[in-house]
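Shown next, in structure tokens, is the structure this report addresses.
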Amino acid sequence: MSLYQIIYGKSCHILVELEYRSYWAVKSCNTDLEETGLNRILQIQELKEMLLDTYNSSDISKQKTKLVHDPNILRKKFKKGDKVLRHQPQFKLKKGKFKTSRDGPYIVTKVYHFGMIEIKEEATGKIFQCNGHLLEEPILTS
């Protein structure tokens, strides 16, 4: 089995002249093919171990980053009767300098434990459900 076949898992078709020249070079260097093949297999095994170590250290790094990042996430907690604004994810061109991508106000009618919130539009009384991440409490200025 050639070194190319050991590394890439398929045989390499080369010209006969080149094959004999490479065989002559190996013979002239007095290299033992079995020992060289064993050495190459050990190098490949070492490379696989290094790759596994890299995956493990990457996973540890991601876990540490998550531990630092997660406490800084602000959890939104709504109660029945809260007034909220809903974020519009669609991009719309609006006239005016300070037009926002939020609409409302809405009144929270029901809060589900998995993040879904049922809201009611104040003006029309229309009830619908949306994700709690799209809602925010309005800033009240006096």
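The values are calculated or read from the model by the stated rules, or taken from the named source; none is laboratory data. Note that the coordinates shown come from a computational prediction; the quantities given were computed from them, not determined experimentally. When we count neighbours, we look across all protein chains shown, and the Cβ atoms used for this are built from the backbone with ideal geometry, even at glycine.
Worth a mention:
Let's see how each residue does on (1) assigned to a loop (DSSP other than H, G, I, E, B); (2) more than 33 Å from the chain's Cα centre (by Cα); (3) modelled with pLDDT under 75; (4) surrounded by 15 or more Cβ atoms within 10 Å (Cβ to Cβ):
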residue: 71; (1), (2), (3), (4): no, no, no, no
residue: 74; (1), (2), (3), (4): yes, no, yes, no
residue: 90; (1), (2), (3), (4): yes, no, yes, no
residue: 95; (1), (2), (3), (4): yes, yes, yes, no
residue: 133; (1), (2), (3), (4): no, no, no, no
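- Tabulated pairs, the range 76-89, first in the same structural domain as residue 106 (by TED's automatic domain parsing) and farther than 10 Å from residue 106 by Cβ, second of a type in the set (Asp, Glu) and surrounded by fewer than 14 Cβ atoms within 10 Å (Cβ to Cβ), C-beta under 9 angstrom, 6+ apart or interchain: 87/103; 88/103
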